[in-house]
1. What ranking of PHE247, PHE15 emerges when the number of other C-beta atoms within 10 Å of each C-beta is taken as an exposure proxy, fewest first?
2. Taking 30 Å as R0, compute the FRET efficiency from the Cβ-Cβ separation of ASN185 and GLU293 and round it to 0.05.
3. What nm value, rounded to one decimal, do you get for the distance between PHE63 and ASN210 when each label is placed 7 Å out toward the C-beta?
4. Using the number of other C-beta atoms within 10 angstrom as an exposure proxy, rank ARG279, ARG46 with the fewest first.
5. What distance in nm lies between label points placed 7 Å from Cα along the C-beta direction at HIS268 and LYS304?
6. Under 5 Å between amide hydrogens, which residues at least 5 positions from TYR206 or on another chain qualify, with H placed 1.01 Å from N in the peptide plane?
7. If each residue of separation counts as 0.36 nm, what is the full-extension length gain between PHE235 and ASN200 once their alpha-carbon separation is subtracted?
8. As a check on your grasp of the helix formula, calculate [θ] at 222 nm for the chain: sum -39500 (n - 2.57) over DSSP H runs of n ≥ 4, divide by the residue count, round to the nearest 500.
Amino acid sequence: MPQNKRILVTGGSGFLGSHLCERLLEAGHDVLCVDNYFTGRKENIRHLLDHHRFEVLRHDVTFPLYVEVDEIYNLACPASPIHYQHDPVQTTKTSVHGAINMLGLAKRIKAKIMQASTSEVYGDPSIHPQVESYWGNVNPIGPRACYDEGKRCAETLFFDYHRQHRLRIKVARIFNTYGPRMAINDGRVVSNFIVQALKNEDITVYGEGNQTRSFCYVDDLVEGFIRLMDTPDEFTGPMNLGNPGEFTILQLAQTVIRMTGSRSGIVHRPLPQDDPLQRQPDITLAKSVIGWEPTVKLDEGLVKTIAFFRAELDL
Ligand code: NAD
Ligand code: UDP
């Protein structure tokens, strides 16, 4: 019987956070969900509210938090480019002040803490696929920098708290993840394309659509989070978590049109500044340390995600 733990999930009412809260409750833990609802929605966690081991707190992680828990998953941060660029100063504050506050909390209560970092720490990568030892190619003053550099600084803080205060840390570098409960207005590619296809509106491909991404289904990712948190204390990461299946954005558009039976056409829009050309995780480390690799293929994950958006749009 696994031991019951008290677990804090910051950003718990967001897309990934809500799935994580659900999985932790199913595993028998007490879950405290903390969120300021910047991009998260109460709807994402409504089905958990009656659970006797689930608690919710409206709180902004840029301010200190005083609670008692055994483990912390730090997910609080807008993840979609349109959302994180809406208030870039707040985005950096959320990553950096949020990390300082959550690390300070972990230090005081001797909790183990995991950071939801990102493949964006590699920027527009010059090596492919990306391995954890690659230091990245990030523009520090561009429109994506508030997110990329905020997350890089958060990693720095995690490793300094580990070296300086012996904190038990885990750093997950998440690659593009999709699934049910992404927000309709999220602006990320999978949700945009599915919503456009279901409404028979033009699919907006930025640039020629030759840029690539590797898409991981949310259930696979959450499994990776939990396994990473359970690694021995000596293991800190960073660890890539993502699906190595790599697709061009044009291929994704065509797949979504086919799977939804949509009448949508494809239109091209300008490529946003600093949009990475290619991205694919090398998951050798995850395979060897936590025996993890994704099990859900893109088509299977898209079926579930399309069903979710169909219901959301009442179609
Ligand atoms: P999301 O926007 O759905 O969730 C983020 C959550 O954090 C939201 O509920 C939001 O309200 C909350 N939040 C934002 N600022 C906050 C603050 N100051 N205080 C408290 N809560 C705050 O995005 P997501 O896809 O679920 O991403 C979750 C985490 O995973 C983020 O840290 C993101 O950077 C990281 N990540 C996600 C992906 C992905 O593809 N989904 C990829 C890389 C990294
Ligand atoms: N993209 C696109 N059309 C859209 C939304 C995004 O062509 O409607 C492209 C975007 O330019 C990028 C890729 O899809 O190359 C992934 O974008 P997303 O915002 O999902 O995440 P990113 O990996 O860029 O952070």
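1. On the way: PHE247 16, PHE15 26.
Fewest to most other Cβ atoms nearby, the residues stand as PHE247, PHE15.
2. On the way: r = 32 Å, r/R0 = 1.07.
So the FRET efficiency works out to roughly 0.40.
3. In this crude label model, PHE63 to ASN210 measures out at 5.0 nm.
4. Numbers: ARG279 21, ARG46 11.
In order of increasing Cβ crowding within 10 Å: ARG46, ARG279.
5. Roughly 3.5 nm, to one decimal.
6. ARG269
7. Values: separation 35, 0.36 × 35 = 12.60 nm, distance 4.78 nm.
Length gained between PHE235 and ASN200: 7.8 nm.
8. Numbers: 9 runs with 115 residues, N = 315.
Calculated mean residue ellipticity at 222 nm is -11500 deg cm²/dmol.
No value in this document is a laboratory result; all are computed from the given coordinates. Only a predicted model underlies this, so the values are computations on that prediction, with no experimental measurement involved. Neighbour counts run over all protein chains shown; Cβ positions are idealised from the backbone, glycine included.
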